[in-house]
Amino acid sequence: MKTVNGYEIIQLFESFSPKKYAMEGDPIGLQIGKLNKPIKNVMIALDILDEVVDEAIEKNVQLIIAHHPLIFRPLKNLLTDQAQGKIIEKLIKHDIAVYAAHTNLDVAIGGVNDLLAEALQLQNTEVLDPTYEDKLKKLVVYVPVDYEEEVRNAIGKAGAGAIGQYSHCSFSSEGTGRFLPSEHSSPFIGAKGKLESVKENKIETIIPASIEKRVITAMIKAHPYEEVAYDIYPLENKGQVLGLGRIGMLNEEMSLEQFAEHVKKTLEVNTVRVVGDLHARINKVAVLGGDGNKYFSKAKFKGADVFVTGDFYYHNAHDAMQMGLNIIDPGHNVEKVMKKGVAERLSKMCKDKGYSVQFIPSTIHTDPFTFESIS
């Protein structure tokens, strides 16, 4: 197993949750420390509180990947006798780097909102509010016949040729490649200074722009030629749409009251706030992690019977009632599903790469709210 540094860990993380997915102005990325160091243990956290840092120190963590940025607004000073300053000082003294992935992880496939939708057991989900389209391109590469399958498999494994529920889609046509190696070349086929003709196959496939570099790297590595002949064309075909929130269907219809209990159980919360008639029938559900106040009209427009989100405002609740949209607010902290989800995903990716690193979901409860009934 290979020892890795922070850059290699973050490169894997950003392969599914790149910074370009984030909303404008979102303070994401490396916030504390450095990545150019060996990493043995990575903690995945929702929030970075003093107790979370203590947990990281106890577990010999070198890097924390957090959903909520520790530094959300620019610092005017760094006072180590105040709460935030104490946390930053402790992190620096123990050489623990902090990387924040906020709205980019909300948008990402398999990120916070997909994890919430999966927990709620929603089916046939789609994006609630599109914010990003992954443009499509066409890759065309010319390969000697005997190496066609090797190159085709390499680019397919890297993600080329994904169309709907199908992967490794491509098309081949036969032809003849011609080239004249120079005196300074090292030709795989042919001789220097002699015009060569080779039976080749042209492989055509599509690639999302977001993985173009990865696919090209895999293609060149698998290709036998010293200089690979290939073309990249922009396409007008619609690419994959990404964005905030998800909307999908329940397996079975239930009442709003039953669904509220379902939310409490699946998202592991003791209480929820409910807006609407408890006897209302629920089939279609919209969910958005964190503060979803801006998106309840979008949920209604897309036909949701109920909108599951946190931090819902009093007056917005009245507006939702007037438009016939039920609301369930389980709190902001349900985004904690990202701790286990991200840890498991990165663990698998590192295992496939042969990286020797452990991912540890933080066990600290960071919800600042408790609800007490007073008799």
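The values are calculated or read from the model by the stated rules, or taken from the named source; none is laboratory data. Fair warning: this is a prediction, and the values are worked out from it, not measured in the lab. As a convention, Cβ positions derive from the backbone with ideal geometry for all residues, glycine included, and neighbour counts pool all protein chains shown. Protein only, heavy atoms only, side chains kept; ligands, DNA and RNA dropped before computing areas. Shrake-Rupley method; radii C 1.70, N 1.55, O 1.52, S 1.80 Å.
Of the conditions (1) closer than 20 Å to residue 113 by Cα; (2) in contact (Cβ under 8 Å) with a residue 24 or more places away in the chain; (3) part of a loop (DSSP other than H, G, I, E, B), residue 44 fails just one. Which one is it? It fails just one condition, (3). Here the range 326-375 is the region considered, the condition is being under 30 Å from residue 256 (Cα atoms) and within 16 Å of the chain's Cα centre (by Cα), and the residue that is surrounded by the fewest Cβ atoms within 10 Å (Cβ to Cβ) is 340. The lone criterion from (1) of a type in the set (Val, Ile, Thr); (2) touching a strand residue (DSSP E or B) at 6+ places or on another chain (Cβ under 7 Å); (3) farther than 24 Å from residue 109 by Cα left unmet by residue 271 is number (2).
Is at least one residue of the range 271-288 in contact with a Gly (Cβ under 7 Å, 6 or more places away or on another chain) and charged (D, E, K, R)? Within the range 271-288, one or more residues are in contact with a Gly (Cβ under 7 Å, 6 or more places away or on another chain) and charged (D, E, K, R).
Filtering 213, 221 for residues that are closer than 16 Å to residue 16 by Cβ, of a type in the set (Lys, Arg) and in a helix (DSSP H, G or I) leaves a single hit, 213.
Within the range 236-260, residues that are within 16 Å of residue 163 (Cα to Cα) reach partners that are open to solvent by 10 Å² or more (accessible area, probe 1.4 Å) and of a type in the set (Val, Ile, Thr) with beta carbons closer than 6 Å, at six or more positions or on different chains, in the pairs 241/127. Assess whether residue 61 counts as being at pLDDT 95 or above and under 20 Å from the mean Cα position of the chain (by Cα). It is false that residue 61 is at pLDDT 95 or above and under 20 Å from the mean Cα position of the chain (by Cα). Please work out if residue 230 is at pLDDT 95 or above, surrounded by 15 or more Cβ atoms within 10 Å (Cβ to Cβ), touching a Phe, Trp or Tyr at 6+ places or on another chain (Cβ under 9 Å) and not acidic (Asp, Glu). Considered against the rule, which asks whether it is at pLDDT 95 or above, surrounded by 15 or more Cβ atoms within 10 Å (Cβ to Cβ), touching a Phe, Trp or Tyr at 6+ places or on another chain (Cβ under 9 Å) and not acidic (Asp, Glu), residue 230 comes out as yes.
Helices (runs of 4 or more DSSP H) fully within the range 97-183 that include at least 1 residues being among the charged types (D, E, K, R), touching a His at 6+ places or on another chain (Cβ under 8 Å) and open to solvent by 30 Å² or more (accessible area, probe 1.4 Å): 148-157.
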